[in-house]
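Notes for the one structure printed next.
Taken together, the values in this text are just the output of simple stated rules run on the coordinates, not laboratory data. The structure presented is a predicted model; accordingly, all values stated were derived computationally and were not measured. Ideal geometry is used to build each Cβ from the backbone, glycine not excepted, and the neighbour counts take in all protein chains shown.
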Amino acid sequence: MTAFSIKTRQRRQMIDISEQVRSLIAQSDMEEGIALVTVLHTTCGIVVNDAGSGWEEDMLAFLGRVVPDLDWRHMHGGAEHAKSHILGALVGPSVVVGVEGARPVLGRWQSIFLVELEGPRERQVSVQILGRSRSTGSTPAVAS
């Protein structure tokens, strides 16, 4: 599996991981295809959205309000732990990004974010790439 670690510093945090994903795709043998970017934890997620526009702060503010206080049953880490699991399920653990010219296909303002919901922690992100190989030109090939 092709993966990288990231250490988060705050309880809730947006971290742009576009460069790490771009680097892994460039190091692979894939010319074109798709990359599946997945965080290997249940209290965080992955999204594609606008970088540097204040969107990150808006998203964190929204996530802080979207799950109400309830009588939670998943309490081994406290009430906030249950909320983090629910938010992780709502955000989702992965995104699929196209690959062309051994680079991720992202719009001008798009970036790939890890959404930390219960930090600070060390997180693992997997990048699996499926597509046409640069060296052989054949398909399908998997770099993982």
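Quick one: what pairs do we get from region 1-26, first residue touching a residue at least 40 places away in the same chain (Cβ under 8 Å) and part of a strand (DSSP E or B), second crowded, with 17+ Cβ neighbours inside 10 Å and polar (S, T, N, Q), C-beta under 7 Å, 6+ apart or different chains?
ALA3/SER126; PHE4/GLN20; ILE15/THR8; ASP16/SER111
Restricting to region 79-108, name every residue that is touching a strand residue (DSSP E or B) at 6+ places or on another chain (Cβ under 6 Å) and without any contact (Cβ under 8 Å) to a residue 60 or more places away in the chain.
Answer for region 79-108, where residues must be touching a strand residue (DSSP E or B) at 6+ places or on another chain (Cβ under 6 Å) and without any contact (Cβ under 8 Å) to a residue 60 or more places away in the chain: GLY88, VAL91, GLY92, PRO93, SER94, VAL95, VAL105.
So SER23 ticks every box in (1) within 21 Å of ILE129 (Cβ to Cβ); (2) small (Gly, Ala, Ser); (3) in contact with an Asp or Glu (Cβ under 9 Å, 6 or more places away or on another chain) but one. Which box is left unticked?
Only one criterion in (1) within 21 Å of ILE129 (Cβ to Cβ); (2) small (Gly, Ala, Ser); (3) in contact with an Asp or Glu (Cβ under 9 Å, 6 or more places away or on another chain) is unmet by SER23, namely (3).
Tell me the residue from HIS76, HIS41 that is touching a residue at least 24 places away in the same chain (Cβ under 8 Å) and of a type outside the set (D, E, K, R), please.
Sole residue among the options that is touching a residue at least 24 places away in the same chain (Cβ under 8 Å) and of a type outside the set (D, E, K, R): HIS41.
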